[in-house]
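The values are calculated or read from the model by the stated rules, or taken from the named source; none is laboratory data. These numbers come from a predicted model, not from an experiment. Positions of Cβ are backbone-derived with ideal geometry, glycine not excepted, and every protein chain shown enters the neighbour counts.
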Amino acid sequence: MSVYIEASYYSMQNKIRQFLVLALFLPSTFSIGQESSIDLERIMKQAENDPKEAYQSLNNFYQTVPNLSLAQRSDAIFLEGQLLMEFGLYDEATHKLYQAEELFKNRNCKTCLGHLYNQLGKLYYKTKSTSEALQRHNQALRLFKEVGDIKGIARSKGLIGSMFEKMENYSQALVFQNEAIQLSQEINDSSELSILFENVGSIYEDLEEYDSAEHYFQLAFALNSELGNILHMPGNINNLGDTRRKTNRAKESIPFYESALKISQDIGNTYLERSATVDLGKAYAALGEFEKAYLLFSKARKLSENIFSEEAARQLASQEFQYEIKQKQLEIAQLENIHIFESRVRWLLVSLILTLLGLGWVLISRQRLKISVTKTTLKKQQELIEIKERLLQTEKENINLLEARMSAEVGAQQKALTAQTLHVIEKNQMLKEIQSKLEDILQKDLREQKKRLRNLIKQIAFNLGQDQDWEEFKHTFENVHQDFIKNLKTNNPDLTTGDIKLACLMKMNLSNKEIAATLGISMESLRISRYRLRKRLQLSEGKDLHHYLHCF
């Protein structure tokens, strides 16, 4: 097992620089405005490695972007509250988080409020009580449920489960932790799962159910190995050693403690190194190797002294930094007061200058107004003259249009009259011819009359079918419909005289009955003639014959 752990450790060393070191900032999901999102995200990344430098960058951000939008201001104040909490400035952090809460409410950003309430829950656990922290985490859970944020729900349930564990309500703790695990598995959030598995393992360890504890510690270790979470591995491995030592398998626990100790030393975490050293000493003591155990406990005491020294130095540095922050805040307040005073002076000067400019503008405007009135009067008179001229021109154009329309109407009436006259002439010619024939027949004997009448009937039929005055009709038709026959022949040289007659009659908009009577044929013969005409004109199926002829 030790060989496997060492192999996993060395395979992850290339990923260590990419790991996020502050779990404080992991759950935060900012709705940062587009203009400042890059800056705030950069500061957030900076906070993971150097919170002090990040805090300075945040102050610079406030100064370089003075006119922050509501979203930018709320996100920046939330980040500031988290940084102050990391520095141990809990009162200042609480104040900033309350400010961010009001701004998030103004934005109606429920997701933002959910993350803030979870942050307040962590702060309350440090400064107030577990029950008050639990209340804040429950607030966050309700908001995340309203917006359907699965990741936020899982995070809140995990934190609630941790609070129940602190209150030693292990049954409730397991309920919430398992629900959080199920949700995190649904969204494949491996980072959150590794934390939740570790929490559940810790609960089972408190309950002395070491088999279950070992199972969950092993799951957490596997995920951290996969993700490259090198900073979490010493704790995982140490817990795996504890489950073996506490179940009378001290010898099996030693490789785990040694591996945890080595990784702790490599990453420079004195706290984890001391914990692994103490547990390793306990394992050797359980095996009866008291000399080794004594040496390890002595080493652990030295580590504790170093930790105490480091903690004292850290607290001193924290106090110095707190003083620096307060001094910086005083400087900022002074600068803001100076800025307000200078702004008021500038506005006063600007107002005075604008007043003087306004008076000068009024005097100049009065003189310009006199000149402008004269120019305006002349301009209006000129515009009136131009309008009258345009009206006259419009009237002339209307008269010309009216004359043109009347001329067109007269032309159309003349064409219609010509067509009607042509029809009357043709009928009159035929009637005169019939009259002459009948008078001639009356002078003959009865037998001769019958013969003549038969010939006359044939002649009438012939005259109905053959137009002897075709050339005269064609000439008259061309006067009404200029170039129709010419264009028709040009485009369709295979047309017969009968086809052209039919086309001319259709061009005149005669009905089928009138066309059949004029040509002296039956309706069936007319249908055949129309079909032949369509075929010679090469008209496709569905194309209207009348429409085609009227296009010429």
Checklist line | Odd one out for R274, checked against (1) touching a helix residue (DSSP H, G or I) at 6+ places or on another chain (Cβ under 8 Å); (2) surrounded by fewer than 19 Cβ atoms within 10 Å (Cβ to Cβ); (3) not aliphatic (A, V, I, L, M) | finding: (2)
Item checked: Conditions (1) more than 23 Å from F164 (Cα to Cα); (2) modelled with pLDDT of 90 or more; number of the one not met by A276 -> (2)
Margin query: Restricting to region 490-535, give me the number of residues that are surrounded by fewer than 17 Cβ atoms within 10 Å (Cβ to Cβ), under 15 Å from F477 (Cβ atoms) and hydroxyl-bearing (S, T, Y).
Written below: 1
Check: Is it fair to say E409 is modelled with pLDDT under 80, more than 28 Å from T64 (Cα to Cα) and of a type in the set (D, E)?
Finding: yes
Next item on the list: Count, please, the residues in region 214-231 that happen to be surrounded by fewer than 19 Cβ atoms within 10 Å (Cβ to Cβ) and either under 12 Å from G241 (Cα atoms) or acidic (D, E) (or both).
Entry: 2
Notebook entry, point to check: How do the pairs read when you match residues in region 57-85 that are more than 14 Å from F104 (Cα to Cα) with residues anywhere that are crowded, with 16+ Cβ neighbours inside 10 Å and among the β-branched types (V, I, T), using Cβ under 6 Å and keeping only pairs 6 or more apart or on different chains?
Noted result: S57/I43; L58/I43
Next item on the list: Filter region 245-260 down to the residues that are in contact (Cβ under 8 Å) with a residue 40 or more places away in the chain and buried (at least 22 other Cβ atoms within 10 Å of the Cβ), then identify the one that is nearest to D206 (Cα to Cα).
Entry: R245
Notebook entry, point to check: Picking from K489, K513, K501, K507, which residue would you name as being in contact with a helix residue (DSSP H, G or I) (Cβ under 8 Å, 6 or more places away or on another chain), modelled with pLDDT of 80 or more and farther than 17 Å from F552 by Cβ?
Noted result: K513
Next item on the list: Confirm whether N108 is out of contact with any strand residue (DSSP E or B) (no Cβ under 8 Å at 6 or more places or on another chain) and on the phi > 0 side of the Ramachandran plot.
Entry: yes
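Could we say that S225 is under 39 Å from the mean Cα position of the chain (by Cα) and among the hydroxyl-bearing types (S, T, Y) here?
When the stated conditions are applied, S225 passes them.
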Margin query: Suppose we keep only residues that are within 18 Å of R42 (Cβ to Cβ) and more than 33 Å from the chain's Cα centre (by Cα) within region 66-96. Which one would you say is surrounded by the most Cβ atoms within 10 Å (Cβ to Cβ)?
Written below: L83
Margin query: Pairs needed: first member in region 218-244, closer than 9 Å to S194 by Cβ; second member anywhere, among the hydrophobic types (A, V, I, L, M, F, W, C) and modelled with pLDDT of 90 or more; C-beta distance under 6 Å; at least 6 residues apart or different chains.
Written below: L219/F197; A220/F197; L223/L193; N236/A220; N236/F221
